[in-house]
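First comes the structure, then the notes that go with it.
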Amino acid sequence: MTPPVDNGYILTKWAAERLVARVAEHYGIPAIIARPGNITGSTRTGYTNYASNHFWLFNKGCLQLGHFPDVPAVVEMMPVDILARAIAALSLTATDGLFVANLANPARISQHRFFELLAAAGSTAKPQAVPDWQREVAAVGEDNGLSTIKDFYLGELAAEDPDIVQAATLARLGDLGVPFEADCAGLVPTYVKYLSAEGFLPETGAVRA
């Protein structure tokens, strides 16, 4: 099988999956490959590893700038506690032919809607034309969340995310009685409260428009 892309991060995951598949086939060992979505904080407390999380660094940087790129991107958030229950359930029971579990949150929202929810929680950024936003990003200092990841955003921005096929995964989790969907509108206030209390995001209402 040919590697799908030249992105090193994705390629390491691809290589790991191939190794698991070969071992499972060669030795007859039951195995399931779990492909988590965008792992975010606890639904109860909001706890997350924000300091090294690309998703939150991006959003923090946008809030600090007061702008986010005006592209039709989709935001998917997979709370860590919901993900952990799903992985545990799939790992400890017969998979009935399910070898790959695509564990992204089925409930997704547009990036514009995500920033509307952030604004409602007190953290505001507005859409900005991509060239103007990229000029701002190129000039950010070390105190901006985008500083360590800005190279990802200075070229062409992908407008669409790939489709995630997860009908079999959702059906299996349904059979196991494992809830696997989180309402994004309910998650954002919890996350903003936690991240603000941690000092990662400015205090509610302190982010400039």
_Candidate set: the stretch 102-125, residues that are small (Gly, Ala, Ser) and over 16 Å from the mean Cα position of the chain (by Cα); chosen: the one farthest from Val188 (Cα to Cα)_ = Ala125
*Got at least one residue in the stretch 22-30 being over 20 Å from Val188 (Cα atoms) and either among the basic types (Lys, Arg) or surrounded by 13 or more Cβ atoms within 10 Å (Cβ to Cβ) (or both)?*
yes
*In the stretch 86-109, residue farthest from Gly177 (Cα to Cα) [restricted to those that are outside any loop (DSSP other than H, G, I, E, B) and in contact with a helix residue (DSSP H, G or I) (Cβ under 9 Å, 6 or more places away or on another chain)]*: Ile109
*Considering each of Val178, Val188, Val130, Val140 in turn, give the residue that is within 17 Å of the chain's Cα centre (by Cα) and in contact (Cβ under 8 Å) with a residue 60 or more places away in the chain.*
Val188
*Kindly indicate which of Val100, Val192, Val140 is touching a Lys or Arg at 6+ places or on another chain (Cβ under 8 Å) and modelled with pLDDT of 95 or more.*
Val140
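The values are calculated or read from the model by the stated rules, or taken from the named source; none is laboratory data. If you're wondering where the values come from, they're calculated on a predicted model, not measured in any experiment. Counting neighbours? That spans all protein chains shown, and the Cβs are built from the backbone with ideal geometry, glycine included.
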